[in-house]
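Here's the structure, in structure tokens; my notes come after.
The values are calculated or read from the model by the stated rules, or taken from the named source; none is laboratory data. Every value quoted in this text rests on a predicted model; they were computed, and no experiment measured them. Neighbour counts run over all protein chains shown; Cβ positions are idealised from the backbone, glycine included. Surface accessibility is based on the protein's heavy atoms, side chains included, excluding ligands, DNA and RNA. Shrake-Rupley method; radii C 1.70, N 1.55, O 1.52, S 1.80 Å.
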Amino acid sequence: MRKIMIAAAWMVATALSACGGGGSGGGDNPPPPSTSAQNTPTMQTPPANSGSNAGTTQIPPPKPPPAVNQIQVVVENYYGIANQLLANVNVCIAGTTNCVWIDDILVDTGSWGLRIQSQWLGGLPLERVTTPDGGMLTECAAFGSGVTYGTVARADVKMVGETAASVPVQIVGDPAASSVPTSCSNRGVQLMNTYDAMHAKGILGIGFNSADCGAGCVTGDPATGAPPVGWYYDCTSATTCTPTLVPLASQVTNPVSAFATDNNGVIIQLPAVAPTGANFVNGTMTFGIGTQPDNALGSAKIFTVGTSGATTGDVTTQYNGATDTMAFLDTGSNGLFFADPGIQQCADGFYCPTSTLNLQAFMQGQNGANATVNFRVGNADSMVAAGSYAIDSYAAAGPTGMFDWGLPFFYGRTVYTAIAGKATPGGTGPYVAF
């Protein structure tokens, strides 16, 4: 099974986004290990009566404790979809130890805010955010694969030693908001309120912004003050909802930006994979840039991204004689998406060349920093048929003018995403670096 999923920065009218499912990560008081091979530790028993230590028991040194600002992320065969980067998150009633552990959360640098399907909260009574007239605050989040709709609630979001205290999250498919407004459903190709539609239990948006809508939802239309249609709603009942303005403090929030420390960005590090892909890979997501010994910026090159209008979150990419002004790095996209009519396509729009292609593009940040990026495109059908799910040559046809550097770009790299307005050793975000 394969699904085209594309992600991009929020608040871009033509932006596309993504989601998928499967995997496990790290956090506070993790549950028992999954049965997946990569998460099952093995114990090596030293041979008895050997060498100078004959007659003694060799005990391996203990593993160092996990860094308080780093969790495991994984790509594996879960729901049969390639290149889905997943992590675990602890969600708690704000200010309490009443929590639920939720795995299989899509890690998405192309959006911001935590969205969890209500069924996985196990009835955890999170405090819903209300509007000034006492109604429920609900939200419609649009992705290229569809939309998520649900209430906004406050929760403590915990990952390893980090806590985002009392931040607004979206409860996707909350029964309390059972009727999806038409202006919301019209924004996407499908409603992703179920596990089968989303192929994950939620989306962890850790991209450039702190709040998912921003000033546009605070002040409304510059001329009329009217709230944006298809974003936030004031619901006086489960079925009676009208668009509403929302202060930043009530908007669904990128939890990383709300950490007490290590809150200026994230680092995704994944190992390289073979040209034909791998069945799974383990990687890390490290919080903060230049705030701890394990998150130094080092020699990574900084590419600033657009901060307004159609270039929000974007760099540029020159490929095949054209300049794509809407180009972005995004773990939420499960492939590289770009236009090239010269590459043979599979039946579903992914690329299926007869042999692996070695290609090249030129990436440039808004600050003029640039780099030549070598990448490859393989036969998507044959790689999936062979059982590969972590694939760096997985690509599909995309719209002209757009180059989506999805998860395949991240294999074999250390990629930094700096949050807007946050100071880092490389300057104030937003930027990407690698």
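How big is the accessible area of Val189 in square angstrom, nearest 10, if you roll a 1.4 angstrom probe over the protein chains?
For Val189, solvent-accessible area is about 120 Å².
Round to a whole angstrom and tell me the spacing of the C-alpha centers of the range 365-385 and the range 278-339.
12 Å
Taking the Cα centre as origin and putting +1 on Lys and Arg beta-carbons and -1 on Asp and Glu beta-carbons, what dipole magnitude results for the range 141-247, to the nearest 20 debye?
80 debye
If packing is taken as the average count of other Cβ atoms within 10 Å, what order do 162-169, 239-246 fall into, highest mean first?
Order by mean packing, descending: 162-169, 239-246.
Which order do peptides 331-339, 306-314 fall in by mean Cβ count within 10 Å, highest first?
Result, highest mean first: 331-339, 306-314.
Applying the Karplus parametrisation 6.51 cos²θ - 1.76 cosθ + 1.60 with θ = phi - 60° to the phi angles of the range 305-317, what ³J(HN,Hα) value in whole Hz is obtained for each residue in order, glycine and proline being reported as x?
10, x, 10, 8, x, 6, 9, 4, x, 10, 10, 10, 9
May I ask you to derive the FRET efficiency for Trp101 and Thr354 from their Cβ-Cβ distance with R0 = 35 Å, giving the value to the nearest 0.05?
0.15
In nm, to one decimal, how far is the Thr236 label point from the Thr400 one, both placed 7 Å along Cα→Cβ?
Label-label distance for Thr236 and Thr400, simple model: 4.9 nm.
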